[in-house]
Amino acid sequence: MKRMTRTMLLLWVSLALAACARSTASQREGEAPAMAFKPSLAVLLEHRAELALTAEQVDRFEKLEFSLHEKNLGLQHQLDVLRAQSKKDNRPWHGGYMGGGTHDAHGGKGSSTGPPEAEQARAVRRERLERIDSTLRQMQDNDTLSYIEAEKVLSDAQKPRARELFSQERDKLLKQLEALHFRLRKGDY
């Protein structure tokens, strides 16, 4: 009974994390991007049949996943708060030809400085995106440490496929982080 309760709790936590981490297609300009962060241990457990995981391995991975969830709970809360703040003020000021920005001698846009309030809001949005990036990296680091612990339990035959699954999931997150970095470099915040 105790094992079933723990299993149900882990399933519920995994589903809750998946629901929170899912990105929406209706992201607005200036809004913090939702990152789909799936823990590596969840990926391994999803592929338990393919990896031929033993009952002991599954039990160990579930414990590691629960520990990871506890480590990342505060970080996930920070991420949710930052995203909620981004939704509140999701319209960046971009100047433009109608009522903002300056033009150089050749008719091009020289700079996009605006009213002090707009520049201050822009700085706040940039700082928020940087904090989102930092938080996601901390979560990613925690996940990597958990995967390293999990890999110690895998057999030599299981490790290549597990590493491939880990890499595929990490590549998805890396692409999302690169998009966030591009926004920061481009100044689209």
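What follows is calculated from the coordinates using simple rules that are stated; it is not laboratory data. None of these values were measured; they are calculated from a predicted model. Every residue, glycine among them, receives a Cβ derived from its backbone with ideal geometry; neighbour counts consider all protein chains shown.
Structure notes:
- Our coupling estimate for the stretch 139-149, obtained by passing each phi through the Karplus curve with A = 6.51, B = -1.76, C = 1.60 and θ = phi - 60°, is 5, 5, 4, 4, 5, 4, 4, 5, 5, 4, 5 Hz, Gly and Pro reported as x.
- Too-long pairs where the Cα-Cα distance tops 26 Å, listed order kept, from 87/172; 63/175; 87/175; 38/159: 63/175
- Applying 1/(1 + (r/R0)^6) with R0 = 22 Å to the Cβ-Cβ distance of residue 171 and residue 148 gives a FRET efficiency near 0.75.
- On the basis of the beta-carbon distance and an R0 of 25 Å, residue 66 and residue 185 show a calculated FRET efficiency of 0.10.
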